[in-house]
Amino acid sequence: MKKTYKIDVDCANCANKMENAAKNTAGVKDAAVNFMMLKMIVEFEDGADPKEVMQRVLKSCKKVESDCEIFL
Amino acid sequence: MNRKQKKNLIRIIAASVLMVAFIFVPVSGIWRLLLFLVPYLIVGYDILLKAVRGIINLQPFDECFLMAVATIGAIIVGLVGDGDYVESDAVMLFYQIGEWFQSYAVGRSRKNISELMDIRPDHANVEKDGATEETDPDEVAIGSVIVVRPGERIPIDGVIIEGESALNTAALTGESLPRDVMTGDEVISGCVNMTGVLRIRTTKEFGDSTVSRILDLVENASSRKSRSENFISKFARYYTPIVVFSAVALAVIPPLMIMLFGGAARWGVWIYRALTFLVISCPCALVISIPLSFFAGIGGASREGVLVKGSNCLEALSKTRTVVFDKTGTLTKGVFEVVAVHPDKVDENTLLHLAAHVERYSSHPIAISLRAAYPDEADGCEITDVKEKAGHGVTAMVNGDAVAVGNTAMMKAAGAVVEKCPHDHAGTVIHIARNGEYLGHIEISDVVKPTAAQAIVQLRRSGVKKTVMLTGDSEAAARKAASELDIDEVYSGLLPEDKVNKVEELLKAQGSRELTAFVGDGINDAPVLTRADIGIAMGALGSDAAIEAADIVLMDDDPMKISKAIRIAGKCMSIVKENIWLSIGVKAVCLILGALGFANMWTAIFADVGVMMIAVLNSIRALFVRKL
């Protein structure tokens, strides 16, 4: 299952960091951050609960880039 | 400017004014430090906070941390040394100016490009019990009747049930000529209604309508990353740590070595050089300018009616050296037209006249083309007793004469003797006989698009080395079209699966850094579109399968757009390369100069912010592709 979320982040490098953080979150199969459109596209693993996974994604993103936001 | 940008701009201005003013304040020692700490903290407090948070989260190698270390280091150097605090303030200030500029530039281009693709309709006028009601397009059910007034955008795909008008399709196809439509015509969303009120019965939901599909495609395009982008993100991941460790090494090793050989270590000098390193360690210019270039390139292309599915497709397109065409619908119109009339006993007009009359009621493509060639068909002539004989032709009584129109077998049945024609016919030949007497024949053929020959010339000019045409048609028809268009290789009589095999052969034969593109009209060539390095679907706005299978979708069916797409890709890629070389080159030079002591922190920050600005401005150039 794929879902797209609106994000807010200031720099392209930070967006890359968010992408890596999201990719390494449990329950996420793959993730891509589109800095130009300010979007995060997350592909969830089968059976994962997007809501719960996204909380974890947000947390790990905040860890690598404190000044970011994901609009869930 | 958004609120954050405004606030940061005020901080930058306040800090620069204070800093310049404080240079002329005659205090020294600790008071001078305290004075200069004011602008430093005004402009840099958020950087310092972020640096601390980075350390807490065990993510030390971010640019905030580096800037914090570099500037605090500079303050300490000033404290123990010459009492110069302007440098640390200035470095922080320039860094923030760079960040601000970057955020502003990206925000602007984001806005520009979204405006460019602003074809999203905000409402639909749904007809209900004789009155119209403004509704969210998302909530309009299939089969509803919507009213589109002049000046409004058609919100949902549908069929006109009342009214006629001219449509402006420029936003979809880049084509500026308006299209005339009338009752019964299918219309696609995104076009602007120009002259008359239209009542349209919707045939799709908003989400499946052309306009939504295009927006979806363009907005997600930059998520499919190119090799250059992947290279940059990898580079950025290693670059910063490497520079940081080199900085540490630069601060420690040379003084130790000098001490070892009995010289004066001069720790201050080496630490200062190391701090200069840190200032250059941020990979911002690269990291921002590459995706920005692709984004601008894709945006510019879509304004020209070329939809690119991802940065990787743009990159691949720029390396295209072989272009394979499907003939029908791509280079030719895919519609039969009368190309030659060779009468034997009567004049041309009479021959067409008779043929068109006999075919009056037929819906066969040949009949349609014959009627199109004789537009005044509906005259007073009396046509009776029309008989269609499958695989042969049609007979009818026209003003009392028995007229037969069809192939040679038909002529035989009508008792007419076919005269041998001195001309060579590549197309389909239709014979006409009246009362058993042979009157002549008409050649019908698929005609090449008016811009096709020019398109091939342009392709060569854009660096394409080989053009190939694949077709299911007969060899004669294929050869004729190929020689007309000056195409290098032709393969005729192919079934759809043969086309896949042919493309695979061509893929094997190409050079290692060369790619092959396949251009088709999306009708039963989806497998080939997928198989080629780059699949280009043409005039495919209606075909879901083609949009799904292709990498690049041309919104109208003009073959000139192919070379244009290649040139857009080429321009975008050269900008990307310029930016990569410029940014890495300037950084490398600064690192070397810094290590040798020729560059101070000022030079470093100027180089860093300057290169970033140049790279960003250069990226935006990718948006301007109209004149290519």
**Request:** For B:Phe206, state whether it is surrounded by 15 or more Cβ atoms within 10 Å (Cβ to Cβ), closer than 30 Å to B:Phe277 by Cβ and of a type in the set (Phe, Trp, Tyr).
**Result:** no
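Quick grid of which residues meet (1) within 11 Å of another protein chain (Cβ to nearest Cβ); (2) of a type in the set (A, V, I, L, M); (3) not in a helix (DSSP H, G or I):
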residue	(1), (2), (3)
B:Val43	no, yes, no
B:Arg53	yes, no, no
B:Val69	no, yes, no
B:Gly78	no, no, no
B:Asp82	no, no, yes
Of those in the range B:540-596 that are in contact with a helix residue (DSSP H, G or I) (Cβ under 7 Å, 6 or more places away or on another chain) and of a type in the set (D, E, K, R), the residue farthest from B:Leu278 (Cα to Cα) is B:Asp556
Checked the range B:228-240 for anything in contact with a Ser or Thr (Cβ under 9 Å, 6 or more places away or on another chain) and either among the acidic types (Asp, Glu) or surrounded by fewer than 19 Cβ atoms within 10 Å (Cβ to Cβ) (or both); matches are B:Glu229
All conditions in (1) farther than 30 Å from B:Ala546 by Cα; (2) in a strand (DSSP E or B); (3) among the basic types (Lys, Arg) are true of B:Arg371 except (2)
Given the conditions (1) within 14 Å of another protein chain (Cβ to nearest Cβ); (2) under 26 Å from the mean Cα position of the chain (by Cα); (3) not in a loop (DSSP other than H, G, I, E, B), every one holds for B:Tyr238 apart from (2)
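How many residues does the range B:542-574 hold that are small (Gly, Ala, Ser) and closer than 16 Å to B:Thr173 by Cα?
Initial filter on the range B:542-574 (small (Gly, Ala, Ser)): B:542-543, B:545-546, B:549-550, B:563, B:565, B:569-570, B:574.
From the residues that got through so far, the ones that are closer than 16 Å to B:Thr173 by Cα too are B:542-543, B:563, B:565.
Within the range B:542-574, residues that are small (Gly, Ala, Ser) and closer than 16 Å to B:Thr173 by Cα number 4.
Can you spot a residue in the range B:496-513 that is in a strand (DSSP E or B), surrounded by 20 or more Cβ atoms within 10 Å (Cβ to Cβ) and at pLDDT 85 or above? Lay out the reasoning, then the answer.
Restricting attention to the range B:496-513, the residues satisfying the condition of being in a strand (DSSP E or B) are none.
Within the range B:496-513 (the criterion being in a strand (DSSP E or B), surrounded by 20 or more Cβ atoms within 10 Å (Cβ to Cβ) and at pLDDT 85 or above), the answer is no, since none of the residues qualifies.
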- Query: Quick one: is B:Arg201 within 26 Å of the chain's Cα centre (by Cα) and surrounded by 15 or more Cβ atoms within 10 Å (Cβ to Cβ)?
  - Reply: no
Condition set free of Cβ contacts under 8 Å to residues at least 24 places away in the same chain and within 12 Å of chain A (Cβ to nearest Cβ), scope the range B:111-144, selection farthest from the chain's Cα centre (by Cα): answer is B:Lys111
The one condition B:Asp446 fails out of (1) touching a His at 6+ places or on another chain (Cβ under 7 Å); (2) in a strand (DSSP E or B) is (1)
Is it the case that B:Val586 is at pLDDT 90 or above and either farther than 12 Å from B:Pro283 by Cα or not acidic (Asp, Glu) (or both)? no
Condition met for B:Ser233 (hydroxyl-bearing (Ser, Thr, Tyr), in contact (Cβ under 8 Å) with a residue 60 or more places away in the chain and in a helix (DSSP H, G or I)) | no
Here the qualifying pairs (Cβ atoms under 9 Å; residues six or more apart or on different chains; first in the range B:467-490 and free of Cβ contacts under 8 Å to residues at least 60 places away in the same chain; second surrounded by fewer than 16 Cβ atoms within 10 Å (Cβ to Cβ) and β-branched (Val, Ile, Thr)) come out as B:Asp486/B:Val457
(1) of a type in the set (A, V, I, L, M); (2) over 53 Å from the mean Cα position of the chain (by Cα); (3) not in a strand (DSSP E or B) all hold for B:Ala409 apart from (2)
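Please work out which residue is farthest from B:Val447 (Cα to Cα), limiting yourself to the range B:476-495 and to residues that are of a type in the set (A, V, I, L, M, F, W, C) and surrounded by fewer than 16 Cβ atoms within 10 Å (Cβ to Cβ).
First pass over the range B:476-495, keeping only residues of a type in the set (A, V, I, L, M, F, W, C): B:476-478, B:481-482, B:485, B:487, B:490, B:494-495.
After this cut, where a residue has to be surrounded by fewer than 16 Cβ atoms within 10 Å (Cβ to Cβ) as well, the list is B:476, B:495.
Numbers: B:Ala476: 14, B:Leu495: 21 Å.
The selected residue is B:Leu495.
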Filter the range B:427-475 for residues that are surrounded by fewer than 16 Cβ atoms within 10 Å (Cβ to Cβ) and among the polar types (S, T, N, Q); the one that is farthest from B:Tyr491 (Cα to Cα) is B:Asn435
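The values are calculated or read from the model by the stated rules, or taken from the named source; none is laboratory data. Fair warning: this is a prediction, and the values are worked out from it, not measured in the lab. Every residue, glycine as well, gets a Cβ built from its backbone with ideal geometry; the counts of neighbours run over all protein chains shown.
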